[in-house]
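Below is one structure, written out as structure tokens; comments come after it.
The values are calculated or read from the model by the stated rules, or taken from the named source; none is laboratory data. These numbers come from a predicted model, not from an experiment. Here the Cβ positions follow ideal geometry from the backbone for every residue, glycine too, while neighbour counts run over all protein chains shown. Note: areas computed on protein heavy atoms with side chains; ligands, DNA, RNA excluded. Shrake-Rupley method; radii C 1.70, N 1.55, O 1.52, S 1.80 Å.
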Amino acid sequence: MSNYIPNPFNAELQPDDVRVAIVSAEWNGHITSLLTESCVETLKSHGLTDECIDTFMVPGAVELTFGASSLIESGLYDVIVVFGCVIRGGTPHFDYVCQSVTQGITHLNADCDIPVIFGVLTVDNEQDALDRCRGGKVGDKGAEAAEAALKMHAFSRQVKDL
């Protein structure tokens, strides 16, 4: 029988307890900016300060993997959050972009010791994306990514302390 180890996530973080980098795609920036803003606000509501949160922009969703990889290599951050928005069009481009960014971020999570939170919306239309932003009827994926970042940071620290 295995030992159950509870999730150590605690909303009362010390302000300098975690450094978060957010990488956001410029493409569909009206969506990714909403996700980023919500993520930052949620992180701050858990006690992080501006000094603990850095945001970076890359041109599009495919470039998120390179951006996250570069920030991991910098050694400055405890967790990375990536935001992109890929809207289905009439060509196979949607499938290629979605596959590329999903595989890239999955690879980073498998091979690196810093969690990368996948905040890429892959939707059929712009309204589907807006429905997933703050105030949307499907939830707030920016806030959810912030919560996941804090939980994965706590998880990583817990594993290192074993």
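Compute the whole-percent fraction of alpha carbon pairs in segment 51-95 spaced more than 18 Å apart.
38 percent
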Check: Counting Lys and Arg as +1 and Asp and Glu as -1, each charge on the Cβ, what is the dipole of segment 36-80 about the Cα centre in debye, to the nearest 20?
Finding: 80 debye
Item checked: C-alpha long axis of helix 64-74 to longest principal axis of the chain, angle in ° -> 30 degrees
Note to self: What is the angle, in °, between the Cα long axis of helix 93-111 and the longest principal axis of the Cα atoms in the chain? Nearest 10 is fine, range 0 to 90.
What the structure shows: 10 degrees
Checklist line | Rounded tilt (10° steps) of 29-45 against the dominant C-alpha axis of the chain | finding: 20 degrees
Notebook entry, point to check: Got a sec? Charge dipole of the chain, +1 on Cβ for Lys and Arg, -1 for Asp and Glu; which of Leu121, Ser24, Val58 is way out at the positive end?
Noted result: Leu121
Item checked: Rotationally averaged projected area of the chain (alpha carbon convex hull; nm²) -> 10.5 nm²
Note to self: Could you put Lys44, Lys137 in order of accessible surface area, largest first, with the 1.4 Å probe and the full protein assembly present?
What the structure shows: Lys137, Lys44
Notebook entry, point to check: Leaving out same-chain residues fewer than 8 places away, which lysines sit with a Cα under 18 Å from that of Lys151?
Noted result: Lys44, Lys141, Lys160
Next item on the list: Could you run the Karplus curve 6.51 cos²θ - 1.76 cosθ + 1.60 with θ = phi - 60° over segment 75-83 and give me ³J(HN,Hα) per residue in whole Hz, x for Gly and Pro?
Entry: x, 8, 10, 9, 7, 10, 10, 10, 10
Next item on the list: Would you compute, from DSSP H runs of 4+ residues alone, the mean residue ellipticity of the chain at 222 nm, taking -39500 (n - 2.57) per run and dividing by the full residue count, rounded to the nearest 500?
Entry: -14500 deg cm²/dmol
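Treating only the Cβ of Lys, Arg, Asp and Glu as charged (+1, +1, -1, -1), what charge dipole size does the chain show about its Cα centre? Round to the nearest 20 debye.
320 debye
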